[in-house]
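Below is one structure, written out as C-alpha cells, with a few remarks after it.
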Amino acid sequence: MYLTHRVPYPPDKGDRIRNFHVLRQLAARGPVWLGCLADEPVRPSDEAELHRLCERVAILPAGGKSRWLTAVLSLLKGRSLSEGLFSDRGLRQLVRTWAAETRFRAAVVSASSLCPYLERVELRATPKIVDLVDVDSQKWFDFASAVRAPRSWLYRLEGHRIRKLERGLPSWTQARSVVSRAEADVFESYAGQGTMTVAANGVDLEYFTPVDAPSEPTCAFVGALDYLPNVDAAVWFARSVWPAILAKRPEAKFQIIGRKPTSAVLELATIPGVELIGQVADVRPYLARAALAVIPLRLARGIQNKVLEALAMAKPVIAAPPALAALATVPGEHLLAATSPQEWVEAVCELLADPARCRKLGEAGRRFVETHHHWDRCLQPLMDPIFTPEAHRA
C-alpha cells in the first residue's frame, strides 16, 4: 500500500516527480494499492495512467477550507499543522477497509505528514516505511529564519512539532528514507545513528535530453512560483543581481518559468529584461533555448530537481551553494556556484561570453547525472527494506 499526499501524476513538480518514480519502482516488483489526496482536479488521462500502474487506485479530494480548521485543531492537540492539513476521514476509512481486505507486504507513505495513517491498529503487523524525502522539521526552521514575526513564530512551532514526530519514527517504523547524506546526518543528529536510509532523487534521462539547437542570451529559472524558496530566489535574483547583468549585457533576458506566481513574482515582470513565462506544459523548450540555467536558491533542502533536469539537458548551470549541498557535483567542473550578487554577475557574464565553456560544463553535467542520478539505482535503497524479508524482521 502506497499513500501519497498529492496525486503522483503527472510528474511535473518536486514531490510528484519522486512519488511517481517510487510508484513505478514498486509496481515493477508487485501489485500496488495507491491511495492519494487531490488538492486540484485530476484529468481522466492522468488517473488512467495510475490505473495502468496499480492494481487499485483511490483518489480522494483534499478537504477545501475545512482542512485549515483540522490543521488548527491538530496544532491545539500538540501535533503539527501539516498532519492536520493532510488528515482526511475518507483516507482513514480507505486504509481501514483495505487492511481488512488484504495483508500488505508493506505500507509506504510519501511524507511525514501522512505518518498518522500508519499508526492505525489495522496495520499493526504490517511493515511501515516513511519516505521523508527531506527533513521537514529543518525546512520549517529554515523558513522561520527567513521571514518576520508572526509567521516566524508559527514556522518555528511547526518545526518543533514535526521534529517531535520525526524523533519517534525509529521506534515504530521499519525504515525511513531521505534524498541525501546531508539530510540523513541532520535526522540522525537527534534520532540516533543508523536510523536513516539515503535514497537519492534521480532524473528521467530519456525525457530530459540535450537538444542541439541555437541558444539565446537567456538565463532560465524554473520552479513552482508559489513556494517560498522559489519566490525568494526569483525576487532576490531579479532585484539584487539582474540589473548589473543587464548593464553589462543589454540583450540578455531572465525568464521565470513555473506555475502559480505570487504577487511578488508577478511584479518582477516590470523589471527590464525580465520575462515572466508562468506555467507551461513542457519546460524543456525553454531550457533548450536558454544559454544557461540559474538556481539562486538561498533556502533549499535536499536535492533540487531543477538542477538535475538542467544538467541532464547539458545546460550550463549556476547555482547557490544551498541548492548544491546534497549533490556531489564539483563547482568549476560540472557547474558553477555563486553566492554574492557580484559572484553571480561575474559567473553569468562569463558564461554568456564563452559558448565553449558552456558546452564543456554542459557535457560534464550530463555525464554526472548519467552516472549518479539514474532513478532505478537511486531508489534501490528505498526498495530494499520493502522487498527484503530480513529487513522486515529487523
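Using 5 Å bins from zero, what percent of all Cα-Cα pairs in the range 332-390 falls into each bin?
Final binned percentages: 4, 15, 17, 14, 12, 11, 8, 8, 5, 4, 2, 0.
Using only the Cα atoms of the range 113-260, each taken as one equal point scatterer with no solvent, compute I(q) by the Debye sum, divide by I(0), and report log10 of the ratio at q = 0.19 Å⁻¹.
-1.19
Using only the alpha-carbon atoms of the range 1-62 as identical scatterers, what base-10 log of I(q)/I(0) does the Debye formula give at q = 0.17 Å⁻¹?
-0.47
Taking a ≥ b ≥ c as the square roots of the eigenvalues of the Cα gyration tensor of the range 134-219, is the shape rounded (a/c under 1.5), prolate (a/b larger than b/c) or oblate?
Values: a/c = 3.69, a/b = 1.46, b/c = 2.54.
Oblate, since a/c reaches 1.5 and b/c is not below a/b.
Beyond 29 Å between alpha-carbons counts as too far, so tell me which of Lys139/Lys253; Lys139/Lys260; Lys128/Lys164; Lys248/Lys360; Lys77/Lys139; Lys139/Lys248 fall in that bin. List each step's numbers first, then the result.
Details: Lys139/Lys253 31 Å; Lys139/Lys260 21 Å; Lys128/Lys164 18 Å; Lys248/Lys360 23 Å; Lys77/Lys139 22 Å; Lys139/Lys248 36 Å.
Table pairs above 29 Å Cα-Cα are Lys139/Lys253; Lys139/Lys248.
Per Stokes-Einstein, at 37 °C and 0.692 mPa s, what whole-number D in µm² s⁻¹ belongs to the range 93-142, with the Kirkwood radius over Cα pairs as the hydrodynamic radius? Let's see the in-between values first.
Values: Rh = 11.9 Å.
The estimated diffusion coefficient comes to 275 µm²/s.
Given a Förster distance of 51 angstrom, what is the FRET efficiency for Lys164 paired with Cys349, based on the Cβ-Cβ distance and rounded to 0.05? Present the calculation step by step, with values, prior to reporting the outcome.
Values: r = 47 Å, r/R0 = 0.93.
With a Förster radius of 51 Å, E is 0.60.
What shape does the range 188-247 have by the C-alpha gyration tensor, where a ≥ b ≥ c are the square roots of the eigenvalues, rounded means a/c under 1.5, and otherwise prolate means a/b greater than b/c and oblate the rest? Write out the running numbers ahead of the final one.
Working: a/c = 3.28, a/b = 1.48, b/c = 2.22.
Verdict is oblate for the range 188-247.
Using alpha carbons only, what's the Rg to Rh ratio of the chain with Rh from Kirkwood?
Numbers: Rg = 21.4 Å, Rh = 22.0 Å.
A ratio of 0.97.
Can you tell me, using C-alpha contacts under 8 Å and at least 6 residues apart, the relative contact order of the range 1-122 as a whole percent? Mind showing how you got there, number by number?
Working: 167 pairs, mean separation 34.7, N = 122.
In percent, rounded to a whole number, it is 28.
To one decimal place, what Kirkwood hydrodynamic radius in Å is obtained for the range 1-149 from all pairs of distinct Cα atoms? Numbers along the way, then the final one.
Working: mean 1/r = 0.0621 Å⁻¹.
Averaging 1/r across every pair of different Cα atoms and inverting gives 16.1 Å.
How high is the relative contact order of the range 263-388, given as a whole-number percent (alpha carbon pairs under 8 Å, six or more residues apart)? All intermediate terms of the calculation are to be shown ahead of the outcome.
Numbers: 141 pairs, mean separation 28.0, N = 126.
Across the range 263-388, relative contact order equals 22 percent.
Report the far tail of the P(r) of the range 245-295, meaning the percent of Cα-Cα pairs longer than 15 Å.
Numbers: 635 of 1275 pairs.
Within the range 245-295, distances greater than 15 Å cover 50 percent of Cα pairs.
Enumerate by residue number the chymotrypsin sites (Phe, Trp or Tyr not before Pro) in the range 107-185 meeting two conditions: DSSP loop (anything except H, G, I, E, B), and at most 14 other Cβ atoms within 10 Å of the site's Cβ.
Details: sites: Tyr117, Trp140, Phe141, Phe143, Trp153, Tyr155, Trp172; in loops: Trp172.
Passing both the DSSP loop test and the Cβ count: Trp172.
Taking R0 as 25 Å, what FRET efficiency do you get between Thr388 and Glu122 from their Cβ-Cβ distance, rounded to the nearest 0.05? Please report the intermediate quantities before stating the final value.
On the way: r = 24 Å, r/R0 = 0.95.
Efficiency, from the Cβ-Cβ distance: 0.60.
Within 10 Å of each candidate Cβ there may be at most 15 other Cβ atoms; applying that plus a DSSP loop requirement, which chymotrypsin sites (Phe, Trp or Tyr not before Pro) in the range 205-276 survive? All intermediate terms of the calculation are to be shown ahead of the outcome.
Details: sites: Tyr207, Phe208, Phe221, Tyr227, Trp236, Phe237, Phe254; in loops: Tyr207, Phe208, Tyr227.
Sparse-neighbourhood loop chymotrypsin sites (Phe, Trp or Tyr not before Pro): Tyr207.
Placing one identical point scatterer on every Cα of the range 235-394 and ignoring solvent, what is log10 I(q)/I(0) from the Debye formula at q = 0.16, 0.18 Å⁻¹?
-0.94, -1.15
Keeping all protein chains in place, calculate the accessible area per residue for the range 266-394 (probe 1.4 angstrom), answer in Å².
Values: 5480 Å² over 129 residues.
It amounts to 43 Å² per residue over the range 266-394.
Within the chain, what whole-number % of the accessible surface is contributed by carbon and sulfur, with the 1.4 Å probe and all protein chains included in the calculation? Could the numbers behind the result be given before it?
Values: 9200 of 17410 Å².
Carbon and sulfur atoms account for 53 percent of the accessible area of the chain.
Plugging the Kirkwood radius over Cα pairs into Stokes-Einstein for the range 214-262, at a temperature of 4 °C and a viscosity of 1.567 mPa s, what D comes out in µm²/s?
Numbers: Rh = 11.5 Å.
After rounding, the answer is 113 µm²/s.
Of all trypsin sites (Lys or Arg not before Pro) in the range 47-141, which ones are in loop regions per DSSP and have a Cβ with at most 15 other Cβ atoms within 10 Å? Numbers along the way, then the final one.
Working: sites: Arg52, Arg56, Lys65, Arg67, Lys77, Arg79, Arg89, Arg92, Arg96, Arg103, Arg105, Arg120, Arg124, Lys128, Lys139; in loops: Lys65, Lys77, Arg79, Arg103, Arg105, Arg120, Arg124.
Sites meeting the loop and neighbour criteria: Lys65, Lys77, Arg103, Arg120, Arg124.
Semi-axes of the range 110-165's equivalent ellipsoid from the Cα gyration tensor, sqrt of 5 times each eigenvalue, largest first, rounded to whole Å? Display every interim value, and only then the final one.
Numbers: eigenvalues 165, 23, 8 Å².
Semi-axis lengths for the range 110-165 are 29, 11, 6 Å.
The values are calculated or read from the model by the stated rules, or taken from the named source; none is laboratory data. What you see is a predicted model; the values in this text were computed from it and never measured. Glycine gets a Cβ as well: all are built from the backbone with ideal geometry, and neighbour counts include every protein chain shown. The accessibility values were calculated without ligands, DNA or RNA, using every heavy atom of the protein model including side chains. Shrake-Rupley method; radii C 1.70, N 1.55, O 1.52, S 1.80 Å.
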